[in-house]
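Visitor: Quick one: the structure is below, and I'll ask about it shortly.
Every read-out reported here was derived from the displayed coordinates using simple, explicitly stated rules and does not represent laboratory data. Just so it is clear, the structure is predicted and the values come from calculations on it, not from any experiment. Glycine gets a Cβ as well: all are built from the backbone with ideal geometry, and neighbour counts include every protein chain shown.
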Amino acid sequence: MRRQVTLTTILGALLFALAASAHAAEKDYILTAANPNKLYLIDLKRRAVARAYELPDPAVGPSFIEPSPDGRIAYVVANQARDIIGIELTSGKEVFRAHMPQVKNERVVNFGLTVSPDGAKIYSYEIPVQAKLDRYEAQPNRIAVYAANGGLDAKAEAVFINMPRRIRLLLFSKDGQHLYALGSNFYTLDPETGRIIAAYPLRQWQEPDASPYDTLNFWPTPESSDVFTAVVVDGRAEVARSYQNTDVTALFHLDLKQGVFTVSPIKGVQDTLFAVAASPDKRFAFGGFRTLSKIDLKKGALVKRVDLDRSYYQFNVSRDGREVYISGAMCDIVIHDAGNLEKKAVVLLPDCADMAGAAVRVVRLDLGK
Amino acid sequence: MRLPAGLKAVAVAAALMALASCGEEKETPAPPPLTLRDLGAEVVARECSLCHRAAADGSLSRLSGIRKTPEGWEMTLARMESTRGVKLSPQDHRAAVKFLADTQGLAPSETAPYRYELERRPNVVESGRNADLTSMCARCHAFARVALQRRDAEEWRRLFHTHLGLWPTLEYQVLARDRDWWEEAQGWVATALGSHFPYDTSDWREWSAAPAVDFQGRWRFVGYMPGEGFAEGVMTVTRNAVDEYLVAAEEQTADGAAINVNYAAIIYSKYEWRGSGKRDNRDFYEAAALQADGVTMTGRSYWRDAPEMGSNFVVVRADRGLQRPLAVTKEGLKRGASTEITILGVGMKGEVSLGDGIAVRVTSRSEDKIVVMAEVAADAPLGRRDVRVGDAVMAQAVAVYDKIDRIEVTPGQATARLGSDKIAPVSAQFEAVAYASGGDGIAGTDDDFRIGVVAAAWDVAPYDEEASRMKDHLYAGKITPHGRFLPSEAGGNPERLYGASNAGDLKVIATVADGDVTLTGEAHLIVTKPLPPTQRGGA
């Protein structure tokens, strides 16, 4: 028995070595950031930080991160969400920066960022306020479109004004035909014109004896499944109206390949789900906060849950569906087995850098190229 | 239209000074020193008008359309300094607050319902307000902070623009994202606030015309510190400058020590008394309001580094021949028992009477303080009753009871905050208040009466199942024998499940013995994360 295991391990290692040489050095990494100005790529096979970057001045408090579709550029929102900074991960160079104000005395924060599937355009959901001499004047929220090759002082090449307020995430359909905006409601937009093609209710969801859906999602994690999955919470007349005691939580799915949007209730989830991610085969979702829950999406039911060592913000699934990456706040990224949910490994960021609310994404790229 | 009178005066003075400086140099008598308020008018005219441009009538854009309390103006100036680059010397800053609170303040009737905010009273649960307005405003700060300002609807609208300018993501919060927050703020909310709290009111116009009061003289004070008891004394107030006073207080503390406290006080808007100084080398602050009678002030004094700990006080002129009992140190008098009580007051002369069925034996007395033994007959009528000293009456000041029927723990809903090395903890003080069910013997009916604060043994327990699972009662903090909950340290606790912080959801339980009977009462205490003192309210 012992010999067999050893043999299998050796065979596996050989096969892996062969595969690695055949496909050069394209690997999966976790891309994340930490205070005050760090950006990291974590090699998921080696369970170690592969590359650490410092965002060039001025840049503090990295928060949202959107990787380019080829994984080579990280677009990082920083400086209290007032700047979008593009870092080329192979060279570490800053290749893009947009400071969003369009007129003097405008103060703008970004609250949603996505990149078109061809990597050419960056879409930024912006909240502009003009600081005049004796007053502030809130402006209509907008989506600004920047050319990815706009350089270090990128200016918007298109602006869609009068966008719905309270949008938190922008996402693209895989075919680039639709831009999705998710906030307290959900919208499909024409990325060329900003026209709202469809508006789906979440807040106005009507169900007997239930409150409208509440959704506040900070992190998209569709990398492994091409499905954006998020938690929506509602209060039912028969249960307490709180995250802690909500008996019925629903999951929102947006299939970025097929353009299909669904909301499905999940039974038996007693724990807070701060964020969730779907497995590549779309059979399961993984999420939690102080616990890791595995949810069967077909049955709409909890499969298993385990306690975590602390509270975490984000949950990602590996591209092969075998691992769950749990992260956010503080400096440890925990890797659990997606099958039995057992803890497999921990990766610590150098000097215990604080991820705080920075996004955690899974990217695939060849760092040697 | 709304040119503050002070501004006009300063403009004239400045013009005169300009003329004077053109003349030949010669010895002139030194001009009288500027009052703080005049200096404030100058500061506002010089500094604020750089951005708040003056209209033809001299009014300053935005600024002249707002009325606030001293604390409200303080917050405005602090914000101008921290976010808009205004630089004022401490004296100019103080003067600007004085001028603005005097000329664009609130009348006593306008602050009366919201004194708790000015006095930083802890654990006040605001009520009686439309739920939507509460969600719109009071999910982040006390509604009192809104209600202690006066603006017309358009100016309230601009305030919401300021909100988004300073906190662009506030629309995303719970109780904001469940509605069209911005659209509602700009719409009905601004309209409603402009109608509830408009700039121009007859109350303020009349108050502005009323004469100023001289606070100099001798005052008698009695303060009550929950959990600790009564402090009392006399204070002599002398004028230092216009509306600025020096206070020399001789105080008998709750634990019986005699101390002298010297501090400064300033009067805003002719009635807002604000004192500050040190006691035992610790900074304290006090906020009080002169009452309509012109001889009484009520307010609260608290530690600057722990505003939740303080004394609720009443101050009465002791140099006007007033005769008044102000407090009784023990409210509940048991039938068939003898109880020693102390009546604290001013100018108290004449016979002490506690009404039918109570024999009063005076053991010591002065005009300020009378100690009596109250011998309550076994058949004395039950219920609240007056305390009389000569012709002076303190209404419903004591209660005769035969047994305690229930215990109420106050405050019923409280918050304490964990402390860190940077941020002081916020404790919570509880008291057990005994009640009798009255003639019908049924608790919660109209004939119930309060017996008063009683001694209790204190404990905490998990509030619910989740708190029990997390063993919150073992981590969140400790309660002292005097009912003060002292929270633990902030930060993750590796001993706890999930490495959770010491936050907790607790029941506070008071156990009271009444003869052979043991009664308990409960309150709900949430122990939560630290918050810098600057964010803990203040109007």
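Visitor: Suppose every Lys and Arg Cβ carries +1 and every Asp and Glu Cβ carries -1, with no other charges. What dipole size does segment A:26-366 come out with about its Cα centre, to the nearest 20 debye? List each step's numbers first, then the result.
Guide: Values: 42 positive and 42 negative charges, 56 e Å.
Result for segment A:26-366 is approximately 280 debye, rounded to the nearest 20.
Visitor: Could you work out how much longer the chain between A:Leu367 and A:Asp226 gets when fully extended? Use 0.36 nm per residue separation minus the Cα distance between them, nm to one decimal.
Guide: Numbers: separation 141, 0.36 × 141 = 50.76 nm, distance 2.32 nm.
Taking 0.36 nm per residue and subtracting the Cα distance, the gain is 48.4 nm.
Visitor: Could you tell me how many degrees, from 0 to 90 and to the nearest 10, lie between the Cα long axis of helix B:36-47 and the main elongation axis, the longest principal axis, of the Cα atoms of chain B?
Guide: Once rounded, the angle reads 50 degrees.
Visitor: GNM on chain A, C-alpha springs below 10 Å: top fluctuator among A:Pro220, A:Pro58, A:Pro117?
Guide: Comparing A:Pro220, A:Pro58, A:Pro117 in the GNM, the peak value goes to A:Pro58.
Visitor: I need the per residue convex hull volume for segment B:379-481, using only the alpha carbons, in cubic angstrom as a whole number.
Guide: Numbers: hull volume 17.8 nm³, N = 103.
It comes to 173 Å³ per residue, whole-number rounded.
Visitor: Taking beta carbons within 10 Å but only from partner chains, what does the mean come to for residues B:166-173? Intermediate values should be presented prior to the final figure.
Guide: Details: counts 4, 0, 14, 6, 0, 8, 10, 1.
Other-chain Cβ atoms within 10 Å of each residue's Cβ, averaged: 5.
Visitor: Return a whole-number percent for the relative contact order of segment B:324-401, with Cα pairs under 8 Å and 6 or more residues apart as the contact set.
Guide: On the way: 211 pairs, mean separation 28.9, N = 78.
Contact order relative to length: 37 percent.
Visitor: Another question about this same structure. Please compute the modelled spin-label separation between B:Ser109 and B:Glu408, points set 7 Å along Cα→Cβ, answer in nm with one decimal.
Guide: So the label points at B:Glu408 and B:Ser109 sit 3.0 nm apart.
Visitor: Please compute the modelled spin-label separation between A:Glu26 and B:Thr339, points set 7 Å along Cα→Cβ, answer in nm with one decimal.
Guide: The answer from the label model is 8.6 nm.
Visitor: Here's another thing I want to ask about it. Give me the Å³ per residue figure for the convex hull around the C-alpha atoms of chain A.
Guide: Values: hull volume 57.8 nm³, N = 369.
So the per-residue hull volume is 157 Å³.
Visitor: As a footprinting exposure proxy, order B:Thr296, B:Thr520, B:Thr83, B:Thr69 by other Cβ within 10 Å, with the fewest listed first.
Guide: On the way: B:Thr296 18, B:Thr520 15, B:Thr83 12, B:Thr69 27.
Lowest count first: B:Thr83, B:Thr520, B:Thr296, B:Thr69.
Visitor: Can you give the angle from 0 to 90° between the axis of helix B:153-166 and the longest principal axis of chain B, with both taken from C-alpha atoms, to the nearest 10?
Guide: With both axes taken from Cα atoms, the answer is about 80 degrees.
Visitor: If you don't mind, there's one more thing I want to ask. Going Cα to Cα from B:Lys68, which lysines come in below 20 Å? Please leave out same-chain ones fewer than 8 positions away.
Guide: Straight-line reach from B:Lys68, under 20 Å: B:Lys98, B:Lys270.
Visitor: Hey, if you drop one equal point scatterer on each alpha-carbon of the protein assembly as shown and run the Debye formula without solvent, what base-10 log of I(q)/I(0) do you get at q = 0.10 Å⁻¹?
Guide: -1.24
Visitor: Under unit Cβ charges (Lys, Arg +1; Asp, Glu -1), what dipole magnitude, rounded to 20 debye, does segment A:115-183 have relative to its Cα centre?
Guide: 260 debye
Visitor: Moving on. Which whole-number percent is the relative contact order of segment B:225-382 (Cα, under 8 Å, 6+ apart)? Don't jump to the answer; show the numbers that get you there.
Guide: Details: 331 pairs, mean separation 19.7, N = 158.
Normalised by residue count, the contact order of segment B:225-382 is 12 percent.
Visitor: Give me the number: length gained by fully extending B:Glu367 to B:Asp464, i.e. 0.36 nm times residue separation minus the C-alpha to C-alpha distance, one decimal in nm. Mind dumping the intermediate values first?
Guide: Numbers: separation 97, 0.36 × 97 = 34.92 nm, distance 5.19 nm.
My answer for the length gained is 29.7 nm.
Visitor: Hey, what's the Cα Rg ratio for segment B:223-301 versus the globular rule of thumb, 2.2 N^0.38 Å? Let's see the in-between values first.
Guide: Working: Rg = 12.8 Å, N = 79, 2.2 N^0.38 = 11.6 Å.
The value comes to 1.10.
Visitor: OK, next. Suppose R0 equals 56 Å; then what is the FRET efficiency for A:Arg322 and B:Ala457 from their Cβ-Cβ distance, rounded to the nearest 0.05? All intermediate terms of the calculation are to be shown ahead of the outcome.
Guide: Values: r = 57 Å, r/R0 = 1.02.
Efficiency computed from Cβ-Cβ geometry: 0.50.
Visitor: Between B:Leu175 and B:Ala377, what length in nm is gained on full extension when 0.36 nm per residue of separation is reduced by their alpha carbon distance?
Guide: Working: separation 202, 0.36 × 202 = 72.72 nm, distance 5.69 nm.
Gain on stretching B:Leu175 to B:Ala377: 67.0 nm.
Visitor: With each label point set 7 Å from Cα along the Cα-Cβ vector, what nm distance links B:Thr520 and B:Val124?
Guide: 3.2 nm
Visitor: Related question: Note down the net charge around B:Ala377, summing +1 for each Lys or Arg and -1 for each Asp or Glu among other residues with Cβ under 12 Å from its Cβ.
Guide: -2
Visitor: Among B:Gln252, A:Val362, B:Tyr116, which residue has its Cα positioned farthest towards the positive end of the charge dipole of the protein assembly as shown, with +1 placed on the Cβ of Lys and Arg, -1 on the Cβ of Asp and Glu, and the dipole taken about the Cα centre?
Guide: It is A:Val362.
Visitor: Which log10 I(q)/I(0) values, to two decimals, does segment A:153-212 give at q = 0.28 Å⁻¹ under the Debye formula with one point per Cα?
Guide: Relative scattering, expressed as log10 I(q)/I(0), comes to -1.21.
Visitor: Provide Rg over Rh for segment A:116-159; use the alpha carbon set for both Rg and the Kirkwood Rh (inverse mean inverse pair distance). All intermediate terms of the calculation are to be shown ahead of the outcome.
Guide: Details: Rg = 13.3 Å, Rh = 11.9 Å.
That ratio equals 1.12.
Visitor: A further question follows. Taking the Cα centre of chain B as origin and charging only Cβ (+1 Lys, Arg; -1 Asp, Glu), how large is the dipole, in debye to the nearest 20?
Guide: Details: 63 positive and 74 negative charges, 231 e Å.
For this selection, approximately 1100 debye.
Visitor: Here's another thing I want to ask about it. Evaluate the Debye formula for chain B with equal point scatterers sitting on the alpha carbons, no solvent, and hand back log10 of I(q)/I(0) at q = 0.07, 0.10, 0.12 Å⁻¹, in q order, two decimals.
Guide: -0.50, -0.98, -1.31
Visitor: Using Cβ contacts closer than 10 Å as the measure, can you line up B:Met373, B:Met225 from fewest to most? Display every interim value, and only then the final one.
Guide: On the way: B:Met373 13, B:Met225 18.
Ascending Cβ contact count within 10 Å gives the list B:Met373, B:Met225.
Visitor: In addition: Report, in listed order, any pair from A:Lys257/A:Lys282; B:Lys87/B:Lys422; A:Lys45/A:Lys304; A:Lys104/A:Lys155; A:Lys45/A:Lys369; B:Lys471/B:Lys529 with a Cα-Cα distance greater than 22 Å.
Guide: Values: A:Lys257/A:Lys282 13 Å; B:Lys87/B:Lys422 26 Å; A:Lys45/A:Lys304 26 Å; A:Lys104/A:Lys155 14 Å; A:Lys45/A:Lys369 19 Å; B:Lys471/B:Lys529 17 Å.
Long pairs (Cα-Cα over 22 Å): B:Lys87/B:Lys422; A:Lys45/A:Lys304.
Visitor: Just the projected area, averaged over all directions, of the convex hull on the alpha carbon atoms of segment B:111-209: how many nm²?
Guide: Working: hull surface 28.0 nm².
Projected over every direction and averaged, the Cα hull of segment B:111-209 covers 7.0 nm².
Visitor: Considering the options B:Phe284, A:Phe228, A:Leu44, tell which one lies farthest towards the positive end of the dipole of the protein assembly as shown, charges being +1 on Lys and Arg and -1 on Asp and Glu at the Cβ, about the Cα centre.
Guide: Of B:Phe284, A:Phe228, A:Leu44, it is A:Leu44.
Visitor: Okay, next question. Identify the trypsin sites (Lys or Arg not before Pro) of segment A:277-318 meeting these criteria: DSSP loop state and at most 12 other C-beta atoms within 10 Å of the C-beta.
Guide: Details: sites: A:Lys282, A:Arg283, A:Arg290, A:Lys294, A:Lys298, A:Lys299, A:Lys304, A:Arg305, A:Arg310; in loops: A:Lys282, A:Arg283, A:Arg290, A:Lys298, A:Lys299, A:Arg310.
Filter output for segment A:277-318: A:Lys298, A:Lys299.
Visitor: Can you give the relative contact order of segment B:296-425 as a percent, counting alpha carbon pairs under 8 Å and 6+ residues apart?
Guide: Details: 263 pairs, mean separation 27.9, N = 130.
Relative contact order of segment B:296-425: 21 percent.
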